[in-house]
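K.L.:
Below are the structure tokens for one structure; questions will follow.
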Amino acid sequence: MAFTSSIQVGTPAAQAGPLLAVIASEEALAALPATLASGAGSQLAAAIASGDFKAKKDEAALFYPPGPATRLLLVGVGKAAEVTRQKLRRASAIIAKRARQLGTGSATVALAGGSAGGLTTKECYQVLAEGAAVGSWFFPDMKKPPEDPKPPLESITFLVDAGSEAEARTGHAIGAAIGAGGLVARGIQMLPPNVCTPSYLGRFAAELADRLGHRVTVLDQAAIVAEGMGALLAVAQGSAQEPRFVVLEYPGDAGAPVVLIGKGVTFDTGGISIKPADRMEDMKYDMSGAAAVLGTFEMLGRLRPKVNVIGLIPTVENMPSGTAYRPADVVKSHLGKTIEVVNTDAEGRLILADALSYARRFKPACVLDIATLTGAIGIALGQVAAGVMGEPPPLVQEVLAAGERAGERGWELPLWDEYRELIKSDIADMKNSGGRLGGSITAGWFLKEFVDGFPWVHLDIAATAYTDREDAASVRGPTAMGVRLFAEFVLARVSA
Ligand code: BES
Ligand code: MN
Ligand code: ZN
């Protein structure tokens, strides 16, 4: 069963069930015991009086009251005036993750009065729904089943008062759709590369589209050859797995489309310029851009907003072999520009180049590409923000603002002309690597060479698409980076 959440009118005091959770600001804490059933209220009052629980950000305390709920979980969001979308999202994720670990199967969540900061009711229940999905995530692993399996977390119910029900439902529907998109993205990111091949991604996209009523076209090798995608084909030629090129269409209105392009390298060995063995296994995540686009189309199918969106997924496996492309090869791109391959590990930009060129036919309002493109982005920004490059500046700002609202931050890097020098080639229109220095920017410049007149932004998520860190709200593994940002971006462009 998939995870769902819902809105219900009710009060915490009356809640039975395996887990009641309350999210509270520091200021809201004093009044809280009186709103709970008497036994739960006195336990909380004691925790407050002892100073053990202060409702600091991310602070959590679990109680076992005499009833009617079996468990009471308090989660803090810090000072009321400083509550943000991200703090509420995290609080909700902490609850869902805890419920999942406890194996409660379901939970009921209330937001204490005076804990919403300056946020609207709609915003609150959007981000609470998003956070619940984040915290609920688990991957049905491939281990021998345990004797006493814990039930997965199937549902979370948010309690609201009758006066805020309508607005809460509106926000919740948005957040639940975005949350579902994130779960789709993480599920497919997590798959091992012997399962998630380019043809698998193509089938996955087709099934998602059929289920949600999207138009979809999956170009196979022959169609990609006919299309003339020489750069993509060069990367694919070393693998026994055929490439695919996925086109998803959600014509939610008649305006020019937002085109989303996601890098779908299902495994990146580096090719002949082979990567070191250490952590090469992480390169199963090199299709995280593709996963973000698929997650966005899950959201679109559930919400059906009035906005025109196209998704493009170039997908290949980058392998070394007797048929693999070589450093020094010159390939002809879909746009017609030639590329000297100096490093077969700079493969992502090659497949994205052909996708950017393919996007021209849609006369896009703008094109956003998302890719685990360079290790250098982690050196520049750590695991805190995606690298953002593009033009014109207002579009870049629109993307950065969407990321801020989404809790998926970006930070702009400059595409100054000096960086273009670094990808000059003696034999072709450009080479595919500018070396280590400024590596994320020269990759961005390479992509810019294939942007034919439309507004464009590139997102480098190589350091944010997955994490090896674990905390109260998050787990190791895939993050669905980009789904919430894309959702905020396209939903802000909905027509009246
Ligand atoms: N998929 C990698 C980028 C990457 C690195 C993602 C680490 C996640 C973690 C990309 O294809 C790549 O190999 N980039 C090279 C570019 C270089 C050869 C110019 C890199 O970053 O080293
Ligand atoms: Mn690579
Ligand atoms: Zn790669």
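K.L.:
Would you please put 105-117, 455-467 in order of how densely packed they are, using the mean number of other Cβ atoms within 10 angstrom per residue and starting with the highest?
P.N.:
Most protected by this proxy first, the peptides run 455-467, 105-117.
K.L.:
Moving on. Just reorder D58, D354, D141 by solvent-accessible area, largest first, 1.4 Å probe, all chains present.
P.N.:
The most accessible residue leads, giving D141, D58, D354.
K.L.:
Show me the ranking of peptides 35-46, 342-353, 213-224 by mean Cβ neighbours inside 10 Å, starting with the highest.
P.N.:
342-353, 35-46, 213-224
K.L.:
Okay, next question. Would you list the membrane-span-like helices of the chain, meaning whole DSSP H runs whose alpha-carbon atoms span at least 24 Å along their axis and whose mean Kyte-Doolittle value is at least -0.5?
P.N.:
What comes out of the filter, once short or polar helices are dropped, is 165-190.
K.L.:
Let me ask another. Looking at A176, G187, S164, which one has the Cα that reaches farthest to the positive end of the dipole of region 132-192 (charges on Cβ: Lys, Arg +1; Asp, Glu -1)?
P.N.:
So the residue furthest toward the plus end is G187.
K.L.:
I'd like to know which of W137, I339, G114 lies farthest towards the positive end of the charge dipole of the chain, counting +1 on Cβ of Lys and Arg and -1 on Cβ of Asp and Glu.
P.N.:
Going by the Cα projections, it comes out as G114.
K.L.:
Within a Cβ distance under 13 Å of F297, other residues only, what is the Lys/Arg minus Asp/Glu net charge?
P.N.:
Residues close to F297 contribute a combined charge of 0.
K.L.:
Expressed as a whole percentage, what fraction of the accessible surface of region 4-182 belongs to carbon and sulfur atoms when a 1.4 Å probe is rolled over the protein heavy atoms?
P.N.:
Summing carbon and sulfur atoms, their accessible area is 56 percent of the total for region 4-182.
K.L.:
Could you tell me which of the pairs K332/K431; K54/K87; K332/K448; K284/K431; K275/K424 are separated by over 22 angstrom between their Cα atoms in the structure shown?
P.N.:
Checking Cα-Cα distances, K284/K431; K275/K424 exceed 22 Å.
K.L.:
In Å², what does the accessible area per residue of the chain work out to with a 1.4 Å probe?
P.N.:
I get 39 Å² per residue for this part.
K.L.:
Over the chain, calculate the relative contact order: mean separation of alpha carbon pairs under 8 Å at least 6 apart, over the residue count, as a percent.
P.N.:
14 percent
K.L.:
With a 1.4 Å probe and every protein chain kept in, tell me what percent of the accessible surface of region 407-496 is carbon plus sulfur.
P.N.:
50 percent
K.L.:
Would you work out the charge dipole size for the chain about its Cα centre, treating the Cβ of every Lys and Arg as +1 and the Cβ of every Asp and Glu as -1, and quote it to the nearest 20 debye?
P.N.:
Around 740 debye, computed over the chain.
K.L.:
Here's another thing I want to ask about it. If I stretch the segment between T323 and A13 completely, what's the gain in nm (0.36 nm per residue apart, minus their alpha carbon distance), one decimal?
P.N.:
104.8 nm is the gain from fully extending T323 to A13.
K.L.:
Could you give each residue of region 326-334 its phi-based ³J(HN,Hα) in whole Hz, using Karplus coefficients 6.51, -1.76, 1.60 with θ = phi - 60°, and x for Gly or Pro?
P.N.:
10, x, 4, 4, 10, 10, 9, 7, 4
K.L.:
Which value at 222 nm does the chain reach when only helices count, each DSSP H run of 4 or more adding -39,500 (n - 2.57), with the total divided by all residues and rounded to the nearest 500 deg cm²/dmol?
P.N.:
After summing the helix terms and dividing by residue count, I get -11000 deg cm²/dmol.
K.L.:
Any number yet on Rg/Rh for region 152-309, C-alpha, Kirkwood?
P.N.:
Using Cα coordinates only, the ratio equals 1.06.
K.L.:
Could you size up the charge dipole of region 4-182 around its Cα centre, putting +1 on the beta carbon of Lys and Arg and -1 on that of Asp and Glu, and report it in debye to the nearest 20?
P.N.:
Around 380 debye, computed over region 4-182.
The values are calculated or read from the model by the stated rules, or taken from the named source; none is laboratory data. Everything numeric here is computed off the predicted structure, so don't read it as measured data. Ideal geometry is used to build each Cβ from the backbone, glycine not excepted, and the neighbour counts take in all protein chains shown. Each accessible area value is taken on the protein alone, full model and side chains, heavy atoms only, with ligands, DNA and RNA left out. Shrake-Rupley method; radii C 1.70, N 1.55, O 1.52, S 1.80 Å.
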